[in-house]
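Okay, so here's the structure we're looking at.
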Amino acid sequence: DILMALVPVSGASSLIDPKTSQFLARDWIDNIDPAIICSEDGDRIRQRYRLALLYFELGGEQWKRCRAEAERTRVKYENIDIRVDEGCPGVPFLDEKNECEWYGMSCGESYDSEEAESFDTYFPLEVLDLQSNNLAGPLFDEIYGFERLQSLSLQDNALVGTISNDLIGNLQNISSIQLQSNMLTGDIPTTGLFQLERLVQLSIQDNQLQGSLDALCDAKDDRQEEFVAYLSLVEADCLGESPEVTCSCCVCY
């Protein structure tokens with residue numbers, strides 16, 4: 001049962017509330033998605049759901065590139081005004097193909113399209129790159145559930161709200177986080193970021209964040225003994241007499 005597979009991800013109440021993006025994403029997988037996924041393949045269902053949720057939660061209908069096929073979406077959600085896509089250099093979102101092939105997504109060198117299609121094999125997402133694509137909205141909790149993710153590139157969009165201090169530490173395999181040039185606010189999630197011991201690049205400048213990254217800087221030398229590339233590049237809004245961000249190892253803006 002797809003609903004039960006998704007309850008640990010989003011909770012039952014949001015999945016059955018038609019007013020939520022969680023409902024739209026779950027309903028799409030349950031009733032519209034042309035892909036045939038075994039109901040027992042929980043990992044694959046949850047990954048596909050998270051990416052569908054990203055589309056609905058971050059204004060996919062207004063993205064610059066690779067919006068879902070208009071005809072397919074309009075059949076179910078007639079109240080959504082979907083513009084004609086100006087062009088897609090890859091597979092559009094909500095396509096029947098494996099989600100690893102959707103625009104901006106990559107499941108790494110081990111991904112085999114024939115195996116994915118023939119055997120419905122689960123390949124965990126490793127790269128999520130939707131930079132400069134007019135994404136708008138908050139970094140919803142479920143986005144931190146891609147536990148094998150290595151690179152997150154959402155720079156130059158219109159993301160708002162905070163970065164979760166409690167959840168960002170779940171991205172244990174992440175090496176690159178690029179969130180610069182958005183409209184993020186609140187405190188830098190220092191405690192959560194400190195848990196990411198394989199973090200190479202962190203770019204959070206050109207936002208409205210505040211706080212300190214010095215705890216990460218202080219640990220840099222010790223961590224580089226085990227992982228030489230740790231914090232090779234850190235960029236933040238730490239320039240000026242009274243910066244919002246304090247950071248002793250940053251490239252400051």
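The values are calculated or read from the model by the stated rules, or taken from the named source; none is laboratory data. Keep in mind that this is a model prediction, so the values were computed, not measured. No Cβ is skipped: glycine too gets one built from the backbone with ideal geometry, and neighbour counts run over all protein chains shown. When the accessible area is computed, the model is the full protein with side chains, heavy atoms only, and any ligands, DNA or RNA have been set aside. Shrake-Rupley method; radii C 1.70, N 1.55, O 1.52, S 1.80 Å.
Of the heavy-atom accessible surface of the chain (probe 1.4 angstrom), what whole percent is carbon and sulfur?
45
Compute the accessible area per residue over the chain, keeping the other protein chains in place, probe 1.4 Å, unit Å².
Values: 12030 Å² over 253 residues.
Computed with neighbouring chains in place, this is 48 Å² per residue.
R0 = 30 Å: FRET efficiency of residue 233 with residue 62, Cβ-based, nearest 0.05?
Numbers: r = 31 Å, r/R0 = 1.03.
After rounding, the FRET efficiency stands at 0.45.
Pairing rule first: another cysteine's C-beta must sit under 4.7 Å. Under that rule, which cysteines of the chain stay single?
38, each lacking another Cys Cβ under 4.7 Å.
Excluding same-chain residues fewer than 8 positions from residue 19, which aspartates and glutamates have a Cα within less than 16 Å of its Cα?
The qualifying aspartates and glutamates are 27, 57, 78.
Just to verify a number: FRET efficiency for residue 7 and residue 40, C-beta to C-beta distance, R0 = 22 Å, to 0.05? Let's see the in-between values first.
Details: r = 16 Å, r/R0 = 0.71.
Computed FRET efficiency for residue 7 and residue 40: 0.90.
With every protein chain left in place and a probe of 1.4 Å, what is the accessible surface of residue 248, to the nearest 10 Å²?
90
Need one value: the accessible area of residue 225 in square angstrom, 1.4 angstrom probe, rounded to the nearest 10.
Roughly 150 Å² of residue 225 is accessible to a 1.4 Å probe.
When the expected Rg is taken as 2.2 N^0.38 Å, what fraction or multiple of it is the alpha-carbon Rg of the chain? Before the final figure, lay out the partial values.
Details: Rg = 18.8 Å, N = 253, 2.2 N^0.38 = 18.0 Å.
Dividing the Cα Rg of the chain by 2.2 N^0.38 Å gives 1.04.
Residue separation times 0.36 nm, minus the C-alpha to C-alpha distance between residue 225 and residue 147: what's the value? Please list the in-between numbers first.
Numbers: separation 78, 0.36 × 78 = 28.08 nm, distance 2.45 nm.
Result for the pair: 25.6 nm of gain on full extension.
What do you get for Rg/Rh of the stretch 130-253 when both radii come from the Cα atoms and Rh is the Kirkwood radius? All intermediate terms of the calculation are to be shown ahead of the outcome.
Details: Rg = 13.5 Å, Rh = 14.4 Å.
In the stretch 130-253, Rg relative to Rh is 0.94.
Can you give the FRET efficiency to the nearest 0.05 for residue 119 and residue 246, using r as the Cβ-Cβ distance and R₀ = 45 Å?
With R0 = 45 Å, the Cβ-Cβ based efficiency is 0.30.
According to the square roots a ≥ b ≥ c of the eigenvalues of the Cα gyration tensor, what is the shape class of the stretch 189-253, taking rounded for a/c under 1.5, prolate for a/b larger than b/c otherwise, and oblate for the remainder?
Details: a/c = 2.04, a/b = 1.89, b/c = 1.08.
Note, shape of the stretch 189-253 comes out prolate.
What ³J(HN,Hα) values, in whole Hz, does the Karplus curve 6.51 cos²θ - 1.76 cosθ + 1.60 give for the stretch 192-207 when θ = phi - 60°, with x put for Gly and Pro?
Once θ is set to phi - 60°, the couplings for the stretch 192-207 become x, 5, 5, 6, 8, 7, 10, 6, 9, 10, 9, 10, 10, 6, 6, 10 Hz.
Could you work out how much longer the chain between residue 17 and residue 69 gets when fully extended? Use 0.36 nm per residue separation minus the Cα distance between them, nm to one decimal.
Values: separation 52, 0.36 × 52 = 18.72 nm, distance 2.44 nm.
Gain in length upon complete extension: 16.3 nm.
Sort 250, 38, 107 by heavy-atom solvent-accessible area, probe 1.4 angstrom, most to least. Working shown, then result.
Values: 250 25, 38 65, 107 5 Å².
Greatest to least solvent exposure: 38, 250, 107.
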